[in-house]
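One structure is given below, encoded as structure tokens.
The values are calculated or read from the model by the stated rules, or taken from the named source; none is laboratory data. All values derive from a computational prediction rather than experimental measurement. Heads up, the Cβs are rebuilt from the backbone with ideal geometry, glycines too, and the neighbour counts pull from every protein chain shown.
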Amino acid sequence: MSKTTVITTPTGTPVADNRNSLTAGPRDPLLKRAVQNRNDHAYALKKTFVSSALALLVLAYPAYASAQQAASADNAERSLQQTAEASFMAENQAAMSKMMKDMAVKPSGNVDADFTAMMIPHHQGAVEMAEAELKYGHNRKLRRIARNIIAGQTQQIGAMKAALGQPLSEATSSATQSGHDPQDGARSERNAAR
């Protein structure tokens, strides 16, 4: 047995429309006004919320756009740094690979010739790595050290070639023309050996 609920007015009169009991009976104008007031209040809250959300978006958008620009600039800077780092590493790896290949000499029976055959590529590798530091590095002290490595190692390459009577390259001859005598390095090495 199903129990049917009948909605009635306060006086006990059954309501014809069971779906909407708020419109029945003598309280009809009050109920309608209460519902209307509730609807008006909800509408006002929704309108206030939407207006506040729009105002917040309008105020927040410039800050968001600025943050996006800053993030984009940071990403571009990071990308540039990564590209420079990759180029630096590639140049260093190429210099080291060439140096290791050129240092692998077959013994000639002449210790002096073998020594210079290995040391000249070693020094040239140091020069090329220092040049990469100057090209990509930013630290003032390290850049100064790199310049000193280039000058010193180039001078020593010239001194080793001169000691064996080999021709000087343009780089080593320019070091000797700038006042650095390649023989000084050979003399100081001889003096240190004594």
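Restricting attention to the range 81-89, does a residue exist that is at pLDDT 75 or above, assigned to a helix (DSSP H, G or I) and over 29 Å from V127 (Cβ atoms)? No, that holds for no residue.
Evaluated against (1) touching a helix residue (DSSP H, G or I) at 6+ places or on another chain (Cβ under 6 Å); (2) part of a helix (DSSP H, G or I), S108 falls short on exactly one condition, (2). Within the bounds of the range 140-155, is there any residue that is at pLDDT below 75, crowded, with 17+ Cβ neighbours inside 10 Å and not aliphatic (A, V, I, L, M)? Within the range 140-155, none of the residues are at pLDDT below 75, crowded, with 17+ Cβ neighbours inside 10 Å and not aliphatic (A, V, I, L, M).
If the condition is being crowded, with 19+ Cβ neighbours inside 10 Å and among the small types (G, A, S), then the range 107-131 contributes A117, G125, A126, A130. What about K161, is it under 39 Å from the mean Cα position of the chain (by Cα), part of a helix (DSSP H, G or I) and either at pLDDT 90 or above or of a type in the set (S, T, Y) (or both)? Taking the combined requirement at face value, the residue does not satisfy it.
Against the definition (farther than 16 Å from I157 by Cα and in contact (Cβ under 8 Å) with a residue 40 or more places away in the chain), how does N92 come out, yes or no? When the stated conditions are applied, N92 passes them.
Being hydroxyl-bearing (S, T, Y), at pLDDT below 75 and closer than 30 Å to G137 by Cβ narrows it down to one residue among S72, S21; which is it?
S72
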